[in-house]
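Report on the following structure.
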Amino acid sequence: MRKLGTAVAAAAALALPFLAASPASAASGWTVVNPDASGVFHADSGTVTVKAGSTTVTCRTMHLDGTLPSKSAGSAGLGRIANGYTDSCSDTQGVPWTIAISNAAPGDLLTAQHYDAAAGRTDLAVTVGYIFIMNNSCAFTLSSLNATYTNSGSVLRTGQGAVGYGGGCGIAAGTSVSFAAAFTVSPAVTITGPSA
């Protein structure tokens, strides 16, 4: 546990340069309807697969907590993922790993980029200064991550990202990362925005 704590502390220090600000709002006119009056949401996934360089980590499930407060015709800053944790992760050699999210940065960390009205789907940029991917001896963070949210089924799907400043676990900073997961969001949130 001491090794794991050291790895997390080191990764957190390296992640700090990425916590300054959310991506700039792409446009106004975004509407969010969340049945929860406090704007809270929870999300659970099936299998999560993360690939960075020659490293592949697979987790049985992942859970997220965050906020997507209701608003009408507002800015593209929609809300935030506050924390997240995985269950039963390992690489192709059977080595245990952990993926954890802890976002202490202020402001909106889920920023809408584009809305496809026909599909009911929003492209999102995720500010992720504190996404840790780690084992007992090393850790690295993500400096960016994109995602989509589809109203039908309330599905948040994560996609491509990049390894953060300093790298780690033999993986260089800037290395492309595939973060493949599909989360079912509860309660069912609806996001609509300006059509292109």
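Read-outs throughout are calculated quantities, based only on the coordinates presented, and are distinct from any laboratory measurement. None of the values given here were measured: they were computed from a predicted structure. We place every Cβ from the backbone using ideal geometry, glycine too, and count neighbours over all the protein chains shown.
Between residue 60 and residue 102, how high is the FRET efficiency from 1/(1 + (r/R0)^6) when r is the Cβ-Cβ distance and R₀ = 22 Å? Nearest 0.05.
Efficiency at R0 = 22 Å is approximately 0.60.
Which value, in Å to one decimal place, does the Kirkwood hydrodynamic radius take for region 132-196 when every pair of different Cα atoms is included?
Taking every pair of different Cα atoms in region 132-196, averaging 1/r and inverting gives 13.6 Å.
What is the extension gain from residue 119 to residue 137, computed as 0.36 nm multiplied by their sequence separation minus the C-alpha to C-alpha distance, in nm to one decimal?
Stretched out fully, the residue 119 to residue 137 stretch lengthens by 2.2 nm.
How much length, in nm to one decimal, is gained on full extension between residue 71 and residue 160, taken as 0.36 nm per residue of separation minus their Cα-Cα distance?
Taking 0.36 nm per residue and subtracting the Cα distance, the gain is 29.3 nm.
Long-range amide H contacts for residue 76: which residues qualify at under 5 Å (H placed 1.01 Å from N, peptide plane, sequence gap of 5 or more or a different chain)?
So residue 76 has HN proximity to 26, 27.
At a Förster radius of 45 Å, what calculated FRET efficiency corresponds to the Cβ-Cβ distance of residue 37 and residue 176, to the nearest 0.05?
0.70
Between residue 28 and residue 152, how many nm apart are label points set 7 Å from Cα along the C-beta direction?
That separation, rounded to one decimal, is 3.2 nm.
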